[in-house]
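The values are calculated or read from the model by the stated rules, or taken from the named source; none is laboratory data. Everything quoted here is computed from the prediction, not taken from an experiment. Here the Cβ positions follow ideal geometry from the backbone for every residue, glycine too, while neighbour counts run over all protein chains shown. Keep in mind that these areas ignore ligands, DNA and RNA; they rest on the heavy atoms of the full protein, side chains included. Shrake-Rupley method; radii C 1.70, N 1.55, O 1.52, S 1.80 Å.
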Amino acid sequence: MRWVYSPAHVLHDPVHEVQFGVPVPAYEVPARAEAIREAMEADDSFERIAPSEHGVEPILRVHEPRMVHFLEEAWAQWAEHHRRRAAGPVDHPDAPVPALIPDSFLHPAIREGMGSSPEPRQNPVARAGMWGFETMTPIGPGTYRAARAAVDVALTAADLVLDGQPAAYGLCRPPGHHAPRAAFGGYCFFNNAAIAAEHLAGATGERVAILDLDYHHGNGTQQIFYRRANVLYVSLHGDPDRAYPYFAGWAEETGAGPGIGATLNIPLPEGCSDRAYLTELRRGLEAIRSYRCPFLVVSLGVDTHREDPICDFALTTPVYEEIGQRVRGLGMRTVVLQEGGYHLPSIGPSVRGFLRGVDGTATPAPPA
Ligand code: SP5
Ligand code: ZN
């Protein structure tokens, strides 16, 4: 299988994220993608490809242009804002510029009954609170370039499949599935999977199915396609009753308008085992089969692993191969894109196992 990687991901290198109001060491770090790269490069059945530049247009087909524009200029505006503030009594003028994290959000209730707020233009913290939805997704000096490169990785993987490869993998970092049309958050800036799905649909006129296997519900992907009949969204994830992103992922959410029936959520309990996961996966795969379309985009998060530090499923490393084989059984042209997975020692083997399953090169079971 061919797979796509860009070294530009290292430009997004957050130090802290704010969880429960407290700065903790960032989980979504460059070492994640490097661990996956090393596992892939240790396996001869995979051939690494560099991404090609696709420009900003495919992003603008999915995301709000004002948000894209904000992300492009956020760091420069914040650094300048910080320098001016630091020149006052608060800080030393040479104090390093911290990552941009909003402190106030445009909660819809603030403006209830008053129409929409004009977009703040001058204050980067206010702008971050308009376009961001939480405190765990810091913007640093190279964030925009890395997020753009992740989209190129996704689109290049989609192009491989459009050009006739049965399957391809894009090692996207930062991830994407939490980003809805007009916001960033959940470690995500641009929704790589949604942009790739839109690219496949636009290039061929065919319908596309998305299978989201990340531990977290892909609220962004669901939102982008919620009213669309030509893209099916299927997700297995931690029940929003306890799990981030809390406000989407309920089984009752099945789409709206023309998209009714084109969203399927499968919320799962704490401690979900290999066996329980495979049983629930069957339902998801059946929905994709009945949708009858040629293309599949997989949002592959391996934060479902039992060792993951921020999630609570109990999957073991070998099950990812089995999951990949079952996805292969769909017989669809498949673009696999990286989402989450935060336990550095297991993410490489888990991703590689899944891809070997999809590729049909999975290691045969040892003789009994
Ligand atoms: C792409 C992806 O996997 N994004 C995940 C974003 C999750 N952000 C952290 C949510 C807060 C979880 N609280 C964890 C408690 C750990 N003990
Ligand atoms: Zn996740």
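The table below lists the values:
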item: Per DSSP, loop trypsin sites (Lys or Arg not before Pro) in region 192-251 with at most 14 further Cβ within 10 Å; result: Arg227, Arg242
item: Magnitude of the charge dipole, region 36-191, Cβ model with Lys/Arg +1 and Asp/Glu -1, debye to 20; result: 680 debye
item: Ordering of 280-289, 107-116, 329-338 by burial proxy (mean other Cβ atoms within 10 Å per residue, highest first); result: 329-338, 280-289, 107-116
item: Length gained when the stretch Arg283-Ala251 is fully extended (0.36 nm per residue, less Cα-Cα span); result: 10.3 nm
item: Cβ charges +1 (Lys, Arg) and -1 (Asp, Glu), total dipole of the chain, debye; result: 740 debye
item: Between helix 65-86 and the chain: long-axis angle, C-alpha atoms, 0 to 90°, nearest 10; result: 40 degrees
item: Kirkwood Rh and Cα Rg combined as Rg over Rh, evaluated for the chain; result: 0.97
item: For region 299-352 versus region 42-84, the gap between their alpha-carbon centres in whole angstrom; result: 25 Å
item: Additional length obtainable on full extension of the chain from Arg181 to Ser117, 0.36 nm per residue less Cα span; result: 21.3 nm
item: Highest-fluctuation residue, Ala50, Ala86, Ala262 considered, GNM on the chain with Cα pairs under 10 Å; result: Ala86
item: Low-density loop positions, trypsin sites (Lys or Arg not before Pro), region 1-65 - DSSP coil, at most 15 other Cβ in 10 Å; result: Arg61
item: Isotropic mean projected area of the C-alpha convex hull, region 182-341 (nm²); result: 8.5 nm²
item: The chain: most fluctuating residue of Pro267, Pro118, Pro138 per GNM, C-alpha cutoff 10 Å; result: Pro118
item: Angle in degrees between helix 274-291 and the longest Cα principal axis of the chain, rounded to the nearest 10; result: 90 degrees
item: Debye, to nearest 20: dipole size of region 192-343, +1 on Lys, Arg Cβ, -1 on Asp, Glu Cβ; result: 740 debye
item: Candidates Asp239, Asp163, Asp94, ranked by Gaussian network fluctuation over the chain, Cα under 10 Å, top entry; result: Asp94
item: Cα-Cα pairs of region 102-235 separated by more than 27 Å (percent); result: 27 percent
item: Accessible area in square angstrom per residue, the chain, 1.4 angstrom probe; result: 42 Å²
item: Cβ-based net charge around Pro258, under 10 Å, with every Lys or Arg adding one and every Asp or Glu removing one; result: +2
item: Accessible area of the chain belonging to carbon and sulfur atoms, whole % at 1.4 Å probe; result: 54 percent
item: Surface accessible to a 1.4 Å probe, Cys311 within the full protein complex, Å²; result: 20 Å²
item: Helix 30-41 vs. the chain, principal-axis angle (Cα, 0 to 90°, nearest 10); result: 20 degrees
item: Candidates per GluC sites (Glu not before Pro) in region 227-276, loop by DSSP, up to 10 other Cβ within 10 Å; result: Glu252
item: Contour minus Cα-Cα distance for Val97 and Arg275 (0.36 nm per residue); result: 59.3 nm
